[in-house]
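Note sheet for the following structure.
Derivation of every value follows stated rules applied to the coordinates shown; laboratory data play no part. Nothing here was measured: the structure is a model prediction, and the numbers come from that model. As a convention, Cβ positions derive from the backbone with ideal geometry for all residues, glycine included, and neighbour counts pool all protein chains shown.
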Amino acid sequence: MHEASLMIGLMRKIEAEAQSMKAQRVVGVSIWLGALSHMTASHFAEHFEHASAGTIAEGARLDVTVSEDINVPNAQDVMLTSLQVDV
């Protein structure tokens, strides 16, 4: 259930950022996956689709960058790097 808690936290961040931007809808989400996050881009996309259903980010285009450097800081993390919104 690691993915479930990760997605709940991510959706909270997305919704908070969207609210601060006074967004009507999130149309794009950019994510960085650390090399040690144990997630592939396709696996992340599946979880994102479920987690975003019924939210301001439902149907948003997903841009996932996967790091291959295990020595980079935050190599275990999944980070929101940007949002594209309709205001």
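Mind checking the full-extension length gain between Ala35 and Val66? Use 0.36 nm per residue of separation minus the Cα-Cα distance, one decimal, nm.
Gain on extension, Ala35 to Val66, equals 10.5 nm.
Using only Cα atoms, find the angle between the long axis of helix 41-52 and the longest principal axis of the chain, and express it within 0 to 90 degrees, rounded to the nearest 10.
That works out to roughly 30 degrees.
Through the Karplus equation 6.51 cos²θ - 1.76 cosθ + 1.60, θ set to phi - 60°, convert the phi angles of region 70-83 into ³J(HN,Hα) values in whole Hz; use x for Gly and Pro.
Once θ is set to phi - 60°, the couplings for region 70-83 become 6, 9, 6, x, 6, 4, 8, 9, 10, 10, 6, 9, 6, 10 Hz.
Residues of region 4-48 with the amide nitrogen closer than 20 Å to a label point 7 Å from the Cα of Ala75, along Cα-to-Cβ, please.
Under 20 Å, as judged by backbone N against the label point of Ala75, lie 32-41 of region 4-48.
Considering only DSSP beta bridges with both partners in region 18-86, what is the antiparallel share in %, to the nearest 5?
About 55 percent, rounded to the nearest 5.
How far is the Cα center of region 1-30 from the Cα center of region 58-79, in Å?
Here the two parts' Cα centres lie 15 Å apart.
When 1/r is averaged over all different Cα pairs and the result inverted, which Kirkwood radius in Å belongs to region 2-86?
In region 2-86 this quantity evaluates to 12.9 Å.
Can you give the extra length, in nm with one decimal, that the chain gains between Asp86 and His2 once fully stretched, where that is 0.36 nm per residue apart less the Cα-Cα distance?
Result for the pair: 27.2 nm of gain on full extension.
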